[in-house]
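Report on one structure; see the data block that follows.
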Amino acid sequence: IKVKDGSSLTISGTGTANLTTINKNGIKGGENSVIKINDGTLDIESTGNGISSDHKIFINGGHTTILAAKEGIKASPNAVSNKAKGEITINGGTINVTSGEDGIQLESNIEINNRANITVNANNDGIQTRSNFTMNNGVLNIFTYEGHSATTFDKDVMSAKGIKASVSEYETQDATNEINIYGGEITIDSSDDAIHSDGNISITNGKVSISSWDDGIHADSKLTFGTVNGYERDPYINILNSNEGIEAANIYFYSGKIKVKSRDDGINAAGGASSGEGQGSGEHFNPDTGADNFAIYS
């Protein structure tokens, strides 16, 4: 299905659509297009991307299953676009993504709301954005590469993060790279960092369960748990397996219940690669932050 520039596609009703593609996307949206999935059953099998749009994708309900050789769901404008946003909003529905590359990849913002139930099985990053990730509610399950028991993962040349807000050192550094989790349930089993931001991460509510071969939760700048005078149970973080459990330049513990199991540091306020080796995948970590600025607040 091709949605040309300025057009819109809405899928609704109780029927089933089966899309099988060769060397193309299951659904492709143009520079100023809008794709909406409101209801029904959508099954996509593609040797390209499952759903791809230069502009905006809304998933409001229904049952969507994607098996893609490349990205499962992608919102990314072409390099010369001046109208496209590259945004994804998931308000509900059941979504199952199995992908050879990133599960969900976008240029701008992704927001997950109330009734969403999402399962991602990706060979690269589960969800990768060059801007902001927001989860307000719903259920999100992510598995990347070989999971936390990885034996062939090489962080110097591969990226298989669960949730990633990042730009490479060769791209603009103007992106905010914010990850905000306000509620819902997240389960991640990843070969790379489970939750990673080149900027800030804030987890104020919800339940997060993590098993990672590398870092559990990593922010280059500020990492915040809970709210001032918040409830002890909000949020609930359980890092079952990790190398570095919680890592950022500045870490704030306001409220919540947090459990960490790690092979190296449990909680680490630091900059630079934790191993002292290269970052891999073009990643950077606080190149301009002095050692005196690293701190943990509780």
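Return the residue satisfying two criteria in turn: it lies in the range 85-96 and is within 20 Å of residue 2 (Cα to Cα) and either open to solvent by less than 30 Å² (accessible area, probe 1.4 Å) or not in a loop (DSSP other than H, G, I, E, B) (or both), and of such residues it is modelled with the lowest pLDDT.
If we take residues in the range 85-96 being within 20 Å of residue 2 (Cα to Cα) and either open to solvent by less than 30 Å² (accessible area, probe 1.4 Å) or not in a loop (DSSP other than H, G, I, E, B) (or both), then 86 is modelled with the lowest pLDDT.
Scan the range 49-81 for residues that are in a loop (DSSP other than H, G, I, E, B) and over 15 Å from residue 33 (Cβ atoms) and jot them down.
50, 60, 61, 62, 69, 70, 71, 72, 79, 80
Looking at 255, 242, 190, 212, which one is among the polar types (S, T, N, Q) and surrounded by fewer than 19 Cβ atoms within 10 Å (Cβ to Cβ)?
255
Condition first: farther than 21 Å from residue 76 by Cβ, open to solvent by 30 Å² or more (accessible area, probe 1.4 Å) and not polar (S, T, N, Q). Now tell me which residues in the range 26-44 satisfy that.
Passing the criteria: 39, 43.
As an exercise: evaluate residue 101 against (1) crowded, with 16+ Cβ neighbours inside 10 Å; (2) modelled with pLDDT under 95 and give the number of the one condition it does not meet.
(2)
Does residue 159 count as open to solvent by less than 30 Å² (accessible area, probe 1.4 Å), within 19 Å of residue 203 (Cα to Cα) and part of a loop (DSSP other than H, G, I, E, B)?
The answer is no for residue 159.
Every residue in the range 115-132 that is among the polar types (S, T, N, Q), open to solvent by 10 Å² or more (accessible area, probe 1.4 Å) and either at pLDDT 95 or above or part of a strand (DSSP E or B) (or both), please. First the steps, then the outcome.
So in the range 115-132, the residues among the polar types (S, T, N, Q) come out as 117, 119, 121, 123-124, 128-129, 131-132.
Now narrow it down to the ones that are open to solvent by 10 Å² or more (accessible area, probe 1.4 Å): 117, 119, 121, 123-124, 128, 131-132.
Residues satisfying the conditions are 117, 119, 121, 123, 124, 128.
Against the condition assigned to a strand (DSSP E or B), closer than 29 Å to residue 240 by Cα and open to solvent by less than 10 Å² (accessible area, probe 1.4 Å), how does residue 112 come out, does it pass?
Here the answer is yes, as residue 112 does meet what is asked.
Could you identify the single residue in 60, 82 that is open to solvent by 50 Å² or more (accessible area, probe 1.4 Å) and either among the aliphatic types (A, V, I, L, M) or farther than 14 Å from residue 130 by Cβ (or both)?
Result: 82 is the single residue among 60, 82 that is open to solvent by 50 Å² or more (accessible area, probe 1.4 Å) and either among the aliphatic types (A, V, I, L, M) or farther than 14 Å from residue 130 by Cβ (or both).
For the range 30-44, which positions are in a loop (DSSP other than H, G, I, E, B) and among the acidic types (Asp, Glu)?
Across the range 30-44, the qualifying residues are 31, 39.
If you take the residues in the range 216-239 that are open to solvent by 10 Å² or more (accessible area, probe 1.4 Å) and among the acidic types (Asp, Glu), which one is farthest from the chain's Cα centre (by Cα)?
Top of the filtered list is 232.
Suppose the filter is surrounded by 23 or more Cβ atoms within 10 Å (Cβ to Cβ), β-branched (Val, Ile, Thr) and touching a Gly at 6+ places or on another chain (Cβ under 8 Å); does residue 201 pass it?
It is false that residue 201 is surrounded by 23 or more Cβ atoms within 10 Å (Cβ to Cβ), β-branched (Val, Ile, Thr) and touching a Gly at 6+ places or on another chain (Cβ under 8 Å).
Given the conditions (1) part of a loop (DSSP other than H, G, I, E, B); (2) open to solvent by less than 40 Å² (accessible area, probe 1.4 Å); (3) not hydrophobic (A, V, I, L, M, F, W, C), which single one is not true for residue 23?
(2)
Can you pull out the residues in the range 63-73 that are under 18 Å from residue 8 (Cβ atoms) and either open to solvent by 50 Å² or more (accessible area, probe 1.4 Å) or under 16 Å from the mean Cα position of the chain (by Cα) (or both)?
Looking only at the range 63-73, we keep the residues that are under 18 Å from residue 8 (Cβ atoms), and these are 64, 73.
Passing the criteria: only 73.
Is at least one residue of the range 133-140 without any contact (Cβ under 8 Å) to a residue 40 or more places away in the chain and either in contact with a helix residue (DSSP H, G or I) (Cβ under 9 Å, 6 or more places away or on another chain) or not in a loop (DSSP other than H, G, I, E, B) (or both)?
Here is the first cut: in the range 133-140, the ones without any contact (Cβ under 8 Å) to a residue 40 or more places away in the chain are none.
Scanning the range 133-140 turns up no residue that is without any contact (Cβ under 8 Å) to a residue 40 or more places away in the chain and either in contact with a helix residue (DSSP H, G or I) (Cβ under 9 Å, 6 or more places away or on another chain) or not in a loop (DSSP other than H, G, I, E, B) (or both).
The values are calculated or read from the model by the stated rules, or taken from the named source; none is laboratory data. Just so we're clear, the structure is a prediction, and the values are computed from it rather than from any experiment. Neighbour counts are summed over all protein chains in view; Cβ atoms, including those assigned to glycine, are modelled from backbone coordinates with ideal geometry. All accessible areas refer to the heavy atoms of the entire protein, side chains included, with ligands and DNA or RNA removed. Shrake-Rupley method; radii C 1.70, N 1.55, O 1.52, S 1.80 Å.
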